[in-house]
Amino acid sequence: MAQQLQNLTIAAPGFFGINTQDSPIGIDPAYASIADNCVIDQFGRVGARQGYQLVTTNGSSVLGTSRGITGMLEYISRANVTTVFSVGNLKIFTGTTTLVECTLPAGYTITDDDWKIISFNDDVYFFQDGHPPLESVQGSTTLVLLVTTGGGTNQPPPANEALAAYGRIWAADLPTNKYTVYWSDLLNGSDWHGNASGSLDLTLVWPNGYDEVVALAEHNNFLLIFGKKNILVYSGADNPNATTFQLHDTIEGTGCIARDSIQSTGTDLLFLSTRGLMSLGRLIQEKSLPLRDVSRNVRTDLLNFVATEEQANGHRESIKSIYSPIDAFYLLTLPDSKVVYCFDVRQPLENGAFRVTTWTSLDPVAFCMFADDTLQMGHSEGIVKYKGYLDGTDTYQMRYFSNPSDFGNASNLKFLKKFNLTIIGAYATDITLNWGYDYTEAYTKQVLSFGTTNAIAEYGIAKYGIAEYSGGVDALINTPSVNTGGSGSVVTIGLEAQVNGTSLSIQKIDIHALMGRLI
C-alpha cells in the first residue's frame, strides 16, 4: 500500500528571528539561521527591509573617499526653524539636500569624526575626545569655541561624551581623565566654573575597582553613568549638591562598551555591553534595575563583529544605533563589518530575547530620527532616507534560511515531494527556492518567476479593511507549488529574492513529504 503524504507546515517562517546561538536540532522552526535584509513586519511575517533614497546631491564632492556622514542632529529652534547638522570627512555641515560646510573658529583643526552632538537651551554643542567643544548659537552656521563665562580657569571639558539633561550639560570621558563627570551651571552650557556647576570624582565609587566612564544617560529620573564594567545610578541630578545628589544603586559586572549604542525606547534603555545588547528595565514598585540580554540568540556572532570593529578603529565610536518608534525596531550598525543588527522591540520572546534580523549592503554609518518620524541615515553618499525598496537605484538581495529541522521526527528519513509557498508581494520578482538535506550547503535550487500578471487578492485587507480594491502591489498573494526530490533525516529550506522596488514577505511554507524507514 502506498504511504500517505504528510503535510509539514512552517507557519510564519522566521517569525522568531535569527538564532545562531542554540543547537539547531530541536529548535523551534519559527527561528531562522539566516534572515538577511529582513524585518519582522507588523503581521509577524519575515519580509524585506526597506531600502534608501538619496537626499544629498553633493555628497561625493564634500565627502570624498571618507566613511561619509558619521553623525547627525536635527535642531529645531524656539522660533521653529529647523537646521540639520551633520559631520564627516573632518568637517561639520548644515543642510540635507545640499551639505554646506560650517565656519570653524580660526586655527581650529578637526582630527576625527566621532562627534557627540547635542541640543541644549536653544543652542547646539559639539563634543569629541581631545577637541575643545564647539557651539552653534541658535543654529548659526558659524561655530564658536565653547568658552566658560564668569572669568574662571575651569574651561568646558574636552570630553568625548555629553548629555543634555536636568537643565544642564553633563560631560565625561576626557583624554587624561576617564573617572570624572562634569556638569554646567543651570540653563547655561557656557558656565563650567562656578555657580551651580560642578564635578564628581568616581575613583572611589566604582564597585569593582577602577573603571572608565563611557557614556551618560537619563532614565526614570536617574542619571546613569556607564563604565566599561559597571553602571552607577545617581538620584537628585536635578539639583546636584552634596545633600541631594547621591548614589542610588550600582550594577556590577555589566557596563557599556559603545557610547552611541545607548537608546531610550520610552520605557526601557538599550545599550551594548561585553555580554551583548542589554535591556535596562526598571520595576517601579520594587525600585530595582533588572538587566536582560536581548541579543542572546545571536550573542556570539554580534560580539565577534564588535571585536572586528575595535580592531579596525582602535575604539568603538564607529558603532551607532537608533530606535524607531514607527518601525518598532532598534538598529545597531557595525560599519567595518558591513552589517546592521535589527532588533524588533515589540515583544520579547519567551527566553527574554528580542527577535533579530540582519541587514547587509545598506552600509549606514549614522542614524537620526527626524521630527516627522522619518529615519535618516548617514551614508558614504551623504544623507539618505529609509524608504522604498531599492538601495538608491540598486536592487538588493533578501535571504531567509531555516535551521536544519527534523520536524519532530528524528528517527525517519524524509522524502520531500512538493513545496506550497505563500508569498505576499514579490511583484515582478524572481525568488530562488533552496532545499537540502543533512546539513549540506549544496542546495537544490528552483527559480520562481513572479511577473506583472499575478492576480491581486480582493478579499483580505482590501475588501474588508483599508479599501474596496486598492490595486496596489502589496496586496499580491503568490502561491507557487514546486515538485521536489531527495531524502534525508533533517531538512533546510531557504528563499532568496532580489528586491527590486516592491515589498515582499513570506507567509507560509507547506511541505508534502513521505516518512521513510527508521534511520
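The values are calculated or read from the model by the stated rules, or taken from the named source; none is laboratory data. Owing to the predicted nature of the structure, the values given are computational and were not obtained by experimental measurement. Cβ placement follows ideal geometry from the backbone for every residue including glycine, while neighbour counts extend to all protein chains displayed. Accessible surface areas use protein heavy atoms only, side chains included; no ligands, DNA or RNA. Shrake-Rupley method; radii C 1.70, N 1.55, O 1.52, S 1.80 Å.
Here are the numbers:
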| quantity | calculated |
| --- | --- |
| Per residue value of the accessible surface for the chain (all protein chains in place, 1.4 Å probe), Å² | 42 Å² |
| Two-site FRET efficiency, THR267 against ASN241, from Cβ-Cβ distance with R₀ of 30 Å, rounded to 0.05 | 0.50 |
| Where labels lie 7 Å past Cα in the beta-carbon direction, separation of ASN58 and GLN42 in nm | 3.9 nm |
| Rounded to the nearest 10 Å², the accessible area of TYR439 at probe 1.4 Å | 130 Å² |
| Nearest-0.05 FRET efficiency for GLU310 and LEU90, computed from C-beta distance (R0 25 Å) | 0.70 |
| Inter-label distance, nm, simple model (7 Å from Cα along the C-beta direction), THR274/ASP372 | 4.5 nm |
| Selected from PRO156, THR243, ALA217, residue furthest toward positive end of dipole (the chain; charges at beta carbon) | ALA217 |
| Alpha carbon convex hull of segment 392-437, volume per residue in cubic angstrom | 123 Å³ |
| Within-10-Å neighbourhood charge of THR180 [Cβ basis; K, R +1; D, E -1] | -1 |
| Those GluC sites (Glu not before Pro) in segment 285-391 that DSSP places in a loop and that have at most 11 other beta carbons within 10 Å | GLU286, GLU350 |
| The chain - mean residue ellipticity at 222 nm from DSSP helices (-39,500 (n - 2.57) per run, n ≥ 4, rounded to 500) | -1000 deg cm²/dmol |
| Sorted peptide list for 506-513, 72-79, criterion being average Cβ within 10 angstrom, highest first | 506-513, 72-79 |
| Label of the coordinate-derived value, Rg and Dmax of the Cα atoms in Å, listed as (1) 25.6, 87; (2) 26.0, 98; (3) 23.5, 75 | (2) |
| Heavy atoms of THR96 accessible to a 1.4 Å probe, total area in Å² rounded to 10 | 40 Å² |
| Dipole of segment 10-151 [Lys/Arg +1, Asp/Glu -1 at C-beta], most positive-end residue of ILE40, LEU99, PHE126 | LEU99 |
| Segment 272-345: trypsin sites (Lys or Arg not before Pro) falling in loop per DSSP and having at most 10 other Cβ within 10 Å | LYS287 |
| Net +/- balance of residues flanking TYR386 in space, Cβ distance below 12 Å, scoring K and R +1, D and E -1 | 0 |
| Length released on extending from THR65 to ASP28, taking residue separation times 0.36 nm less the Cα-Cα span | 8.8 nm |
| Furthest towards positive pole of dipole, TYR52, HIS512, VAL491, structure part the chain, Cβ charges | HIS512 |
| Net charge dipole size for the chain [Lys, Arg +1 and Asp, Glu -1 on Cβ; Debye, nearest 20] | 1280 debye |
| Carbon and sulfur %, accessible surface of the chain computed with the full protein complex present, 1.4 Å | 49 percent |
| Solvent-accessible surface (1.4 angstrom probe) belonging to SER405, in square angstrom, nearest 10 | 20 Å² |
| Inter-site label distance for TYR210 and THR98 at 7 Å from Cα along Cβ, in nm | 5.2 nm |
| Check: segment 327-440 dipole with +1 on Lys, Arg Cβ and -1 on Asp, Glu Cβ, in debye | 460 debye |
| Ranked by how many other beta carbons lie within 10 Å on average, peptides 370-380, 325-335 from highest | 325-335, 370-380 |
| Too-long pairs where the Cα-Cα distance tops 23 Å, listed order kept, from LYS91/LYS229; LYS338/LYS387; LYS320/LYS508; LYS385/LYS508 | LYS91/LYS229; LYS320/LYS508; LYS385/LYS508 |
| Charge tally in the Cβ shell below 15 Å around ASN19, where Lys, Arg are +1 and Asp, Glu are -1, ASN19 excluded | -4 |
| Percentage relative contact order, the chain, counting C-alpha pairs under 8 Å, at least six apart | 18 percent |
